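A short write-up of the structure that comes next.
The values are calculated or read from the model by the stated rules, or taken from the named source; none is laboratory data. Computed from a prediction, not measured in an experiment: that's the story for all the values here. As a convention, Cβ positions derive from the backbone with ideal geometry for all residues, glycine included, and neighbour counts pool all protein chains shown.
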Amino acid sequence: MNADIGASRVSGTVRAPPSKSYTHRAILAAGYGDGTTRIERPLVSADTRATARAVAAFGGRVEGLADDSERVEIEGFGRPHTPGDVVDCANSGTTMRLVTATAALAEGLTVLTGDGSLRSRPHGPLLAAIEGLGGRAESTRANGQAPLVIGGPVDGGRVSMPGDVSSQFVTALLMAGARSEDGIEIDLETELKSAPYVDITRELLADFGVETEVKESGFAVGGGQAYDADGQYRVPGDFSSMSYLLAAGALAADGELSVEGARPSAQGDSAIVGILERMGADIAWNREDGTISIARTGLQGIEIDVGDTPDLLPTLAVLGAAATGETRLVNAEHVRYKETDRVSAMADELEAMGASVTEREDSLTIHGDRSSLRGARIDGWGDHRIVMALAVAGLIAEGTTTIVGAEHVDVSFPGFFDVLDEAGADVSLD
């Protein structure tokens, strides 16, 4: 599917989708439970369906995960059973990493795979950690990438691992460790990147009655704990997805755009509000009622460290193309190991639209004063965040911008183009 975006203005009130990060974790946490948990307002997307399928494969039961679901009921598997078939995680790296640790709790062997993009992403440190805990963890191609073969059961223990590849490795071990016999202690050998995502995990685990601990060298979770959210868990709004709506308001609002669903949580990507303030945006966040209002204004380029907020890089690159001066996105090497190499993707596609950028291994600089966006036929790289960021760029580009592969927004924000259309954007899909 292609999306055509014409230069246009947006206004009114829109609502952010539920958080993908919290929905993944809530579905799996409910799976680790012994009873039935009702998850209110989950994000129903291709990625979260992958996690739900995995929960079912390990012996749980999932009901109600339809496109318009306001709630889903999950009967937990408690301790995971060995799946009767290969577990297909599709394009969801979060699913594969989280359930790799789940598989290490099961007796027998679990085979995990995914699509071509997912089979190119690194899992080596997590595999090494599982082996260090006494489990079997192999890449079938011996390159740290899926397909993976995982065998258990592991009882727990203490492991060391790097923190600068993916925070999802830590999340996976914390969630599984609570259901192990002895618990798991994780020593980090390097600085933890994307640390707020572990904060999300710990916040959600606490809501499910699971205690975790921050140690001097990393994290720990005690074994033998029960997952219990008193039967119900409500998913907060997603700040990663909200960033595209806020960027649209900052660049193309006719008057004011209000974004609902912005209640405070542990999400690191809520940093988008402070970043926009630093760039000079006219933005106000009512934390009590969860509404952010933003108006179009001139933006100033700044330096932004994306070490803890990798998913914001595509949005920030577009903001930089419209700002005066330079916008430097630094500490960005790990952003290359997402669904695609998002640093190169944004550099290539913004250049195709007329932006001036400088790409380095660990940074992306956008020269706003030398950038003038124009419509072009551009590639979404099969990546939901690239597609949505480029759609925002299309709102302020001269002429029409055609994004190839627009259907990939279904991964995290299935109604994205409908929301833009309702806000007044010139959008057509074919």
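Observations on the structure shown:
- Among (1) touching a helix residue (DSSP H, G or I) at 6+ places or on another chain (Cβ under 6 Å); (2) under 21 Å from ALA323 (Cβ atoms), the one test that GLN267 misses: (2)
- Top-ranked residue of the range 242-287 - restricted to ones that are of a type in the set (D, E, K, R) and in contact (Cβ under 8 Å) with a residue 40 or more places away in the chain, ranked as farthest from ASP418 (Cα to Cα): ASP269
- Yes/no for ALA46 being modelled with pLDDT of 95 or more, within 17 Å of VAL99 (Cβ to Cβ) and either surrounded by 24 or more Cβ atoms within 10 Å (Cβ to Cβ) or under 20 Å from the mean Cα position of the chain (by Cα) (or both): no
- With respect to (1) in a loop (DSSP other than H, G, I, E, B); (2) surrounded by fewer than 18 Cβ atoms within 10 Å (Cβ to Cβ); (3) modelled with pLDDT of 95 or more; (4) not hydrophobic (A, V, I, L, M, F, W, C), the lone exception for PRO83 is condition (2).
- For the range 208-327, the strands (runs of 3 or more DSSP E) that sit wholly inside it and include 2 or more residues that are under 21 Å from the mean Cα position of the chain (by Cα) are 232-234, 253-260, 303-305.
- Test for LEU350: is it assigned to a helix (DSSP H, G or I), out of contact with any His (no Cβ under 7 Å at 6 or more places or on another chain) and either not charged (D, E, K, R) or not assigned by TED's automatic domain parsing to the domain that holds SER120 (or both): yes
- Scanning the range 8-33 for residues that are β-branched (Val, Ile, Thr) and closer than 21 Å to VAL44 by Cβ gives VAL14, THR23, ILE27.
- Search result, residues across the range 185-199 that are out of contact with any His (no Cβ under 8 Å at 6 or more places or on another chain), closer than 20 Å to ALA26 by Cα and surrounded by 22 or more Cβ atoms within 10 Å (Cβ to Cβ): TYR197, VAL198
- Within the range 2-33, the set of residues being part of a helix (DSSP H, G or I) and of a type in the set (Gly, Ala, Ser) comprises SER21, ALA26, ALA29, ALA30, GLY31.
- Of GLY424, GLY354, GLY394, all but one fail to be closer than 20 Å to VAL10 by Cα and surrounded by fewer than 20 Cβ atoms within 10 Å (Cβ to Cβ); the exception is GLY424.
- Entry remark, the range 229-259: residues being surrounded by fewer than 20 Cβ atoms within 10 Å (Cβ to Cβ), closer than 30 Å to ALA29 by Cα and among the charged types (D, E, K, R) number 2 in total.
- Residue among LEU373, LEU319 that is buried (at least 24 other Cβ atoms within 10 Å of the Cβ) and either modelled with pLDDT of 95 or more or touching a strand residue (DSSP E or B) at 6+ places or on another chain (Cβ under 6 Å) (or both): LEU319
- Failed item in (1) closer than 22 Å to GLN168 by Cβ; (2) touching a helix residue (DSSP H, G or I) at 6+ places or on another chain (Cβ under 7 Å); (3) outside any strand (DSSP E or B), with THR190 passing the rest: (2)
- Residues within the range 209-262 that are out of contact with any helix residue (DSSP H, G or I) (no Cβ under 8 Å at 6 or more places or on another chain) and on the phi > 0 side of the Ramachandran plot, tallied: 5
- ALA206 out of contact with any helix residue (DSSP H, G or I) (no Cβ under 9 Å at 6 or more places or on another chain) and either surrounded by fewer than 17 Cβ atoms within 10 Å (Cβ to Cβ) or in the same structural domain as GLY280 (by TED's automatic domain parsing) (or both): yes
- With respect to the stated conditions, MET353 is under 21 Å from LEU395 (Cβ atoms) and in contact with a Leu (Cβ under 6 Å, 6 or more places away or on another chain).
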